[in-house]
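**Q** A single structure is presented below for examination.
The values are calculated or read from the model by the stated rules, or taken from the named source; none is laboratory data. The model shown is predicted, which means the values in this text are computed figures rather than measured ones. For neighbour counting, all protein chains shown are included, and Cβ atoms are generated from backbone atoms with ideal geometry for every residue, glycine included.
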Amino acid sequence: MTKVYDFDVVILGGGPAGLSAAIYAARGNVSTAVIDINPFGGQPSNYAALENYPGSINTDGFELMEKFEEQADLFGVQKFPMQEILSVDLISENKVILTTEARFNAKTVIIATGAQAKKLGVKGEKEFTGCGVSYCAVCDGAFYKDKIVTVVGGGNSAVEEAMYLARFASKVFIVHRRNELRADKILQERLKIFANIELIYNSTVKEIVGEDKVTKVILNNTQNNNLSELETDGVFPYIGMVPNVEKIAGQVKQDAMGFIFTDATLKTSVEGVYAAGDVRVTPLRQVITAAADGAVSAVYAVKYLEQGKYTTPLPMQIEQL
């Protein structure tokens, strides 16, 4: 028989946004649950080092997220990790999340399911993730001081991250499949300042090679299909991000990529539903911004519960976004 739970707030996702939201919601004296399809901690749990979270020095991502979880425990948050989500109903007044193990009824829902980088889908990518393959220059750039790195992509993110990596690396290659970058012209002009950045056009990564760590990539020329080797210590794919919204897509307003629109209170287009962290439309995706989002979304979810529904205009309407 399926177990049935009733909560004031159900949070989808147990990463920094979700756990932060859980802490703030529980402190608001409302019944709070966190559901995740994985163990808690989210992407930061895989970070070997986390140097840019204020107040946290010489710690790794796993240790930091353990502290998030412990703090949530102190406030009595109910945790449901490793739950395979079958369906999510956000439209009904009584929100329903159905997993393989239980039914969760919620008055409010905070979506904190995060996002993931688009993968290259080539041999060696999965094997060397964390050992030379990274999807976050801000997180891992400092580990490549005086080394050679390869950025894959040609958009704004690829160019911006390449310039960031150029502060540390002795050489940065940008590999792009077309004969010109897609990045904004102003960024392309700034790129010219960096003498240690080299562009490789009309090429894609066919394979990432190494032993204990990355040593080179095999490039495929898109014009003639010739293969070549490029020595490198690290590979940073920046071919886009995708939000984890498979079970909720179409129920709230989203942009063309699927990221969720929110207002200043992190309310979505659906009453009683909020979004926090990497899953929403946001200019920066970091642990600190995800945690801040979690706090904001939970505070306003609690206010929503206190009021029954919003009776005054929100600071920024969703239509303005």
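**Q** If you check Ala158 against the conditions, is it in contact (Cβ under 8 Å) with a residue 60 or more places away in the chain, surrounded by 15 or more Cβ atoms within 10 Å (Cβ to Cβ) and of a type in the set (A, V, I, L, M, F, W, C)?
**A** yes
**Q** Can you find even one residue in the range 228-246 that is out of contact with any His (no Cβ under 8 Å at 6 or more places or on another chain), without any contact (Cβ under 8 Å) to a residue 40 or more places away in the chain and in the same structural domain as Val299 (by TED's automatic domain parsing)?
**A** The answer is yes; a qualifying residue exists.
**Q** Say whether the condition of being at pLDDT below 95, touching an Asp or Glu at 6+ places or on another chain (Cβ under 8 Å) and at negative phi is met by at least one residue in the range 184-201.
**A** yes
Matching residues to (1) among the charged types (D, E, K, R); (2) touching a helix residue (DSSP H, G or I) at 6+ places or on another chain (Cβ under 9 Å); (3) not assigned by TED's automatic domain parsing to the domain that holds Arg178:
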position: Lys213; (1), (2), (3): yes, no, no
position: Asn220; (1), (2), (3): no, no, no
position: Phe259; (1), (2), (3): no, yes, yes
position: Val281; (1), (2), (3): no, no, yes
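**Q** Please work out if Leu19 is surrounded by fewer than 23 Cβ atoms within 10 Å (Cβ to Cβ), out of contact with any strand residue (DSSP E or B) (no Cβ under 6 Å at 6 or more places or on another chain) and within 23 Å of Lys303 (Cβ to Cβ).
**A** Against the criterion (surrounded by fewer than 23 Cβ atoms within 10 Å (Cβ to Cβ), out of contact with any strand residue (DSSP E or B) (no Cβ under 6 Å at 6 or more places or on another chain) and within 23 Å of Lys303 (Cβ to Cβ)), Leu19 does not qualify.
**Q** Kindly provide the set of residues from the range 247-257 that are in a loop (DSSP other than H, G, I, E, B) and either touching a residue at least 24 places away in the same chain (Cβ under 8 Å) or buried (at least 18 other Cβ atoms within 10 Å of the Cβ) (or both), ordered by number.
**A** Lys247, Ile248, Gln251, Val252, Lys253, Asp255
**Q** Please verify whether Thr108 is closer than 26 Å to Ile260 by Cβ, assigned to a strand (DSSP E or B), of a type in the set (Ser, Thr, Tyr) and modelled with pLDDT of 95 or more, treating the condition exactly as stated.
**A** yes
Quick grid of which residues meet (1) in a strand (DSSP E or B); (2) of a type outside the set (S, T, N, Q); (3) out of contact with any strand residue (DSSP E or B) (no Cβ under 9 Å at 6 or more places or on another chain):
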position: Asp6; (1), (2), (3): yes, yes, no
position: Gly14; (1), (2), (3): no, yes, no
position: Val30; (1), (2), (3): no, yes, no
position: Asn52; (1), (2), (3): no, no, yes
position: Glu70; (1), (2), (3): no, yes, yes
position: Asp73; (1), (2), (3): no, yes, no
position: Leu86; (1), (2), (3): yes, yes, no
position: Glu93; (1), (2), (3): no, yes, no
position: Ile97; (1), (2), (3): yes, yes, no
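**Q** Sticking with this structure for a sec: For the structure I just gave you, tell me whether Glu84 is assigned by TED's automatic domain parsing to the domain that holds Ser20 and more than 25 Å from Leu19 (Cβ to Cβ).
**A** No.
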